[in-house]
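The values are calculated or read from the model by the stated rules, or taken from the named source; none is laboratory data. Only a predicted model underlies this, so the values are computations on that prediction, with no experimental measurement involved. Virtual Cβ from ideal backbone geometry, glycine too; neighbours counted across all protein chains shown. All accessible areas refer to the heavy atoms of the entire protein, side chains included, with ligands and DNA or RNA removed. Shrake-Rupley method; radii C 1.70, N 1.55, O 1.52, S 1.80 Å.
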There are 2 protein chains.
Amino acid sequence: MTYCVGLKLDRGLVFASDTRTNAGVDNIATFKKLHVWEEPGERVITLLSAGNLAVTQAVISLLSEHIAAADGDRATLMTAKTMFQVARLIGSAVREVEAIDGEALESNADNFFVTFILGGQIKGEEPRMFQVYAAGNFIEVGEDTPFLQIGEHKYGKPILDRVTRSDMRLGEAAKLVLLSFDSTLRSNLSVGMPIDMLLYNKDTFSTDRQVRIEQDDDYFQKLSHGWSDKLREAFADIEEFEV
Amino acid sequence: MTYCVGLKLDRGLVFASDTRTNAGVDNIATFKKLHVWEEPGERVITLLSAGNLAVTQAVISLLSEHIAAADGDRATLMTAKTMFQVARLIGSAVREVEAIDGEALESNADNFFVTFILGGQIKGEEPRMFQVYAAGNFIEVGEDTPFLQIGEHKYGKPILDRVTRSDMRLGEAAKLVLLSFDSTLRSNLSVGMPIDMLLYNKDTFSTDRQVRIEQDDDYFQKLSHGWSDKLREAFADIEEFEV
């Protein structure tokens, strides 16, 4: 599995993904699932991927090849005018890969399974965030629920449900996302460190704040232990059920 | 779906289940999933069920009919000498229902899906707890992980993973279980109030402390709001990620 989260906040966007891929529990590896395209000062596009690794890599490669082979006739991630058009390009790439590999995957009792969180900002627009499905269609994040999760999302959802607010600072949101990962990592082996995280400050059109958080990262260790202690304290503070 | 939890503690056993059944989101109903057989002073047997409601009801009915028709030749829940033997009786009942209904279910593109948490105490033994699978086989709870969950278990697992200890008081454990339900209820519509809970004090061979907790229950409301507040405070107390 995989766990990825995207937050769309008033101040910008936060993306995080784990890096574990597995084909059975005895065959795990580390792969990057956070992909970035940028033109400094003009556009920042980030894609988080979950699903069959061969499929997600094919989609990413196709998108990159289209950029390299751009002849002006076809829009690419670097020329599309809006994030909506970018989302459609991702959807088209997913459908292209499905047309090539879908049948063979299914005849091997495998699934064409893939989901993306797409977010970014193109000059002239506000930052936007989308979830793109295996069918190539997509939804956009609205105001009521400012986060998206893909992959192994259940363990880390309660904390997001309770704490997320659109007016959070990016550093606060990064803390929240890492706590959501901590809960998931504790309960599910198929999600693994390190965590790739990108904090995007609105209107900067720059991806300067991109970090990889390793298992022994000081902040993450402190966060993880501190949170466990605080949860146990909070638990102890609440009145017992009367027996 | 369903959510059920069982805890095996030094001081006794705690069982809890939601009461929602659904066939699609537009067809929900309330059904009891916590079943008790007891002979005061001698034995207490509790079964929590998840899965296809027709299947779980058939298993419960079979077990009850076997008790009613007992002729001394065949062990029943009321005569089995150990909880291990009780677990085998549950497994046999599951297999009997599978033999009758399994094929028809599968030809209707439905699944023979069922899981049970079985717990209790028979005089002469310590309290014991088991998870019985659709194949009729089962596992017993050991010392390292003193809880079992069936049904929609992911949302409510992080708090159990962090807080559960075998030496908890039953009232403390009840508080923990209700928090685990609170997280699940907030994030998943297929799990619904009221919650049925049974607290069993070791060596009492009595099920006196059996309660149904409704949506507007004072303790549950206080717990749910108090916990949200404390989580937000705990979150605010932790240092932000440096941006």
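Overview of results
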read-out: Selection status of residue B:181, more than 12 Å from residue B:6 (Cβ to Cβ), hydrophobic (A, V, I, L, M, F, W, C) and open to solvent by less than 10 Å² (accessible area, probe 1.4 Å); value: yes
read-out: Of all residues in the range B:24-44 being of a type outside the set (Val, Ile, Thr) and closer than 20 Å to residue B:184 by Cβ, the one that is surrounded by the fewest Cβ atoms within 10 Å (Cβ to Cβ); value: B:24
read-out: Strands (runs of 3 or more DSSP E) within the range A:122-211 that include 3 or more residues under 24 Å from residue A:29 (Cβ atoms) and within 14 Å of chain B (Cβ to nearest Cβ); value: A:195-201
read-out: Residue list for the range A:226-243, filter: more than 7 Å from chain B (Cβ to nearest Cβ) and either touching a residue at least 24 places away in the same chain (Cβ under 8 Å) or more than 22 Å from residue B:213 (Cα to Cα) (or both); value: A:229, A:233
read-out: Residue A:218 vs. criteria within 12 Å of chain B (Cβ to nearest Cβ) and either of a type in the set (A, V, I, L, M, F, W, C) or under 30 Å from residue B:217 (Cβ atoms) (or both); value: no
read-out: The range B:45-57, subset open to solvent by 20 Å² or more (accessible area, probe 1.4 Å) and in contact with a Ser or Thr (Cβ under 7 Å, 6 or more places away or on another chain), residue nearest to residue B:101 (Cα to Cα); value: B:53
read-out: Single condition residue A:84 does not satisfy, out of (1) part of a strand (DSSP E or B); (2) farther than 29 Å from residue A:192 by Cβ; (3) of a type in the set (Phe, Trp, Tyr); value: (1)
read-out: Output for the range B:211-243, where each listed residue is out of contact with any Gly (no Cβ under 7 Å at 6 or more places or on another chain), surrounded by 15 or more Cβ atoms within 10 Å (Cβ to Cβ) and not hydroxyl-bearing (Ser, Thr, Tyr); value: B:211, B:213, B:217, B:220, B:223, B:226, B:227, B:230, B:231, B:234, B:235
read-out: Any hit, the range A:16-24, residues being under 15 Å from the mean Cα position of the chain (by Cα), under 14 Å from residue A:117 (Cα atoms) and not small (Gly, Ala, Ser); value: yes
read-out: Residues that are among the aliphatic types (A, V, I, L, M) and open to solvent by 60 Å² or more (accessible area, probe 1.4 Å), drawn from the range A:5-23; value: A:23
read-out: Qualifying residue in the range B:58-69 (condition: touching a residue at least 12 places away in the same chain (Cβ under 8 Å), outside any helix (DSSP H, G or I) and open to solvent by less than 10 Å² (accessible area, probe 1.4 Å)); value: no
read-out: Verdict on residue A:151 being within 13 Å of the chain's Cα centre (by Cα) and either surrounded by fewer than 19 Cβ atoms within 10 Å (Cβ to Cβ) or on the phi > 0 side of the Ramachandran plot (or both); value: yes
read-out: Filter result for residue B:109 (more than 22 Å from the chain's Cα centre (by Cα), among the aliphatic types (A, V, I, L, M) and open to solvent by 10 Å² or more (accessible area, probe 1.4 Å)); value: yes
